[in-house]
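Only one structure is covered here, and it is reproduced in the block below.
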Amino acid sequence: MQEHAYQQCIRADCGETYALDEVLFKCHKCGGLLDVAYDWDKLTVPRNLRFFERRWGTSGRHLVGRADYSGVWRFRELLPFARLDDIVTVGEGRTTLQQADRLAGLLNMKPGCLFLQYEGFNPSGSFKDNGMTAGFTMARFLRRRRVACASTGNTSASMAMYASMAAPPGEPPVQGIVFIGSGKIAYGKLSQALDHGAMTLQIEGDFDACMRRVVELSDRLGMYLLNSLNPFRLEGQKSIMYRVLEGLDWEVPDWIIVPGGNLGNSSAFGKAWMELRQLGLVPKVPRLAIINATGARTLEELYNERSLRWNGGRINDEAIDRRYHEMDAAGQRAHTIASAIEINRPVNLSKALRALDLMNGVVRHVDDDTILDHKAMVGRFGYSCEPASAASVAGLHLLLDEGVIGRNERVVCILTGHGLKDPDATVKYHAGIDAKMAKWPDPVPPSGCMANYPVRVPDDLEAICRVIGEPTRS
Ligand code: F0G
């Protein structure tokens, strides 16, 4: 590990520091979240972001090549906690920024204004790999052979995949243990955890219950925790912002829109921009919109209805505790089709408030039907994504209608996970509505609905031709 890097409590009235190799996930003094912090003035940081472009050309089996092949470690000077030979990488983060003009047109935005950062291209199919490579790098440095996480699915898929590959030849394997809520995980994700050989515990309860248990047990059972409470994971997730910048030829967009679950991404994005600005590498910082699902909108409620703010690092914990207490008393559990963000107690809440503060952010919520319609819109005009990811585009639509985002501003929506993660939700949306199916051969979807019903047709040439229709001659 590098000198000049350490861990630090984010709370203004504490700021306690810890060595890089101390394993803890909350400040021992005050319970605050921890950052990985750097003495930037003692480190060598490129003076211009274009420096990173040349690494696209490098690849290979040697250490530098492997690191350069990763869309995370290509930017290693901006997350300088690891030594090259500790890096665990499977070629994550080679993702793209897609200019989505047709989708923009549907939302009455100008061409060249809407971009989708497609994190479904990661090896396990979601943005989690950006963080997991950093978390596993730390686990290797610490010589940990047992890793664990609570998950709504993607974290477990990613962790299980890395665990299956993390041990160098000749060393004992890394054991992955995942805690998932029963019935709360999309099949695509569950299948990955099983396939990669992780011990998969289905706890009777939801994500929030799993999170509580894994934190309680990690010390006792010697499990290295790889949820986004782990500050090293968030270091890796900063790279999503670096790649967005690179995709825009290093121009800062006006808005970043991201779905909010455990709020790891939002927190990592905030830290990325905070450091880029501190290092003088960007002239400005974009605005941030975090989008909750209506059935899991703790942040949105606290931020908009109870005016909870970062407040210079002095957060009103009582307001948060009061809200959690009310939810418990009312038996309120998170519930949404976007199972990835079905979370009522986001562990990174305070870091997300810091990001909102730095990036002049807004928070909104969108309901399940709206999420599914926007998921279908994304699929119709580009890469397909899972429901939680589409919350970002649904949130954009809402913010355009509200006039908060201008139709000619430059917006980047983060598509956090691949469409094949949750095919059930997709097929139900397009085909599962039997009453509409009965309208064969020409079902008319209700307005705003993008359903693409499969057409039932007898095995008869003429009938098939009638359904497909004659070619139009123009
Ligand atoms: N989108 C997808 C596809 C996710 O899997 C998650 C989180 C989020 C958005 C929310 O991101 O937590 O950084 O705010 N999934 C976690 C999991 C919780 O266990 O896979 P966040």
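The values are calculated or read from the model by the stated rules, or taken from the named source; none is laboratory data. Keep in mind that this is a model prediction, so the values were computed, not measured. Ideal geometry is used to build each Cβ from the backbone, glycine not excepted, and the neighbour counts take in all protein chains shown. Heavy atoms of the whole protein, side chains included, go into the accessibility calculation; ligands, DNA and RNA do not. Shrake-Rupley method; radii C 1.70, N 1.55, O 1.52, S 1.80 Å.
Below is a table of values for the structure above.
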read-out: Tally of residues being more than 20 Å from residue 10 (Cα to Cα), more than 10 Å from the ligand (Cβ to nearest atom), touching a residue at least 60 places away in the same chain (Cβ under 8 Å) and not acidic (Asp, Glu) across the range 224-279; value: 14
read-out: Test for residue 209: is it free of Cβ contacts under 8 Å to residues at least 40 places away in the same chain, touching a strand residue (DSSP E or B) at 6+ places or on another chain (Cβ under 7 Å), within 14 Å of the ligand (Cβ to nearest atom) and among the aliphatic types (A, V, I, L, M); value: yes
read-out: Breaking point among (1) open to solvent by 20 Å² or more (accessible area, probe 1.4 Å); (2) within 16 Å of the ligand (Cβ to nearest atom); (3) not in a helix (DSSP H, G or I), for residue 292; value: (1)
read-out: Of all residues in the range 229-242 being part of a helix (DSSP H, G or I) and over 14 Å from the mean Cα position of the chain (by Cα), the one that is farthest from residue 173 (Cα to Cα); value: 242
read-out: Elements of type strands (runs of 3 or more DSSP E) contained in the range 1-116, each with 1 or more residues being more than 22 Å from residue 131 (Cα to Cα); value: 96-99
read-out: From the options 138, 161, residue that is within 15 Å of the ligand (Cβ to nearest atom), of a type outside the set (Lys, Arg) and surrounded by 23 or more Cβ atoms within 10 Å (Cβ to Cβ); value: 161
read-out: Whichever residue in the range 158-198 is among the aromatic types (Phe, Trp, Tyr) and either part of a helix (DSSP H, G or I) or free of Cβ contacts under 8 Å to residues at least 12 places away in the same chain (or both) and, among such residues, is farthest from residue 147 (Cα to Cα); value: 187
read-out: Boolean, residue 107 is within 18 Å of the chain's Cα centre (by Cα) and closer than 21 Å to residue 415 by Cβ; value: no
read-out: Any pair with Cβ under 6 angstrom, 6 or more apart, that starts in the range 413-426 at a residue that is part of a strand (DSSP E or B) and ends at one that is hydroxyl-bearing (Ser, Thr, Tyr) and within 9 Å of the ligand (Cβ to nearest atom); value: 413/392; 414/392; 415/389; 417/126; 417/389
read-out: Residue 193 open to solvent by less than 10 Å² (accessible area, probe 1.4 Å) and within 30 Å of residue 113 (Cβ to Cβ); value: no
read-out: Residue that is buried (at least 24 other Cβ atoms within 10 Å of the Cβ) and assigned by TED's automatic domain parsing to the domain that holds residue 108, where the choices are 330, 340; value: 340
read-out: Failed condition for residue 363, given (1) surrounded by fewer than 24 Cβ atoms within 10 Å (Cβ to Cβ); (2) β-branched (Val, Ile, Thr); (3) assigned to a loop (DSSP other than H, G, I, E, B); value: (3)
read-out: Which listed residue, of 92, 53, is on the phi < 0 side of the Ramachandran plot and outside the structural domain of residue 167 (by TED's automatic domain parsing); value: 92
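A quick yes/no check of all residues on (1) at pLDDT below 95; (2) under 25 Å from residue 205 (Cα atoms):
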residue	(1), (2)
291	no, yes
302	no, yes
309	no, no
316	no, no
326	no, yes
333	yes, yes
341	no, yes
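Here is a yes/no grid of residues against (1) part of a loop (DSSP other than H, G, I, E, B); (2) closer than 30 Å to residue 332 by Cβ; (3) assigned by TED's automatic domain parsing to the domain that holds residue 53; (4) open to solvent by 10 Å² or more (accessible area, probe 1.4 Å):
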site: 200; (1), (2), (3), (4): no, yes, yes, yes
site: 205; (1), (2), (3), (4): yes, yes, yes, yes
site: 210; (1), (2), (3), (4): no, yes, yes, no
site: 215; (1), (2), (3), (4): no, yes, yes, yes
site: 221; (1), (2), (3), (4): yes, no, yes, yes
site: 227; (1), (2), (3), (4): yes, yes, yes, no
site: 246; (1), (2), (3), (4): no, no, no, yes
site: 249; (1), (2), (3), (4): yes, no, no, yes
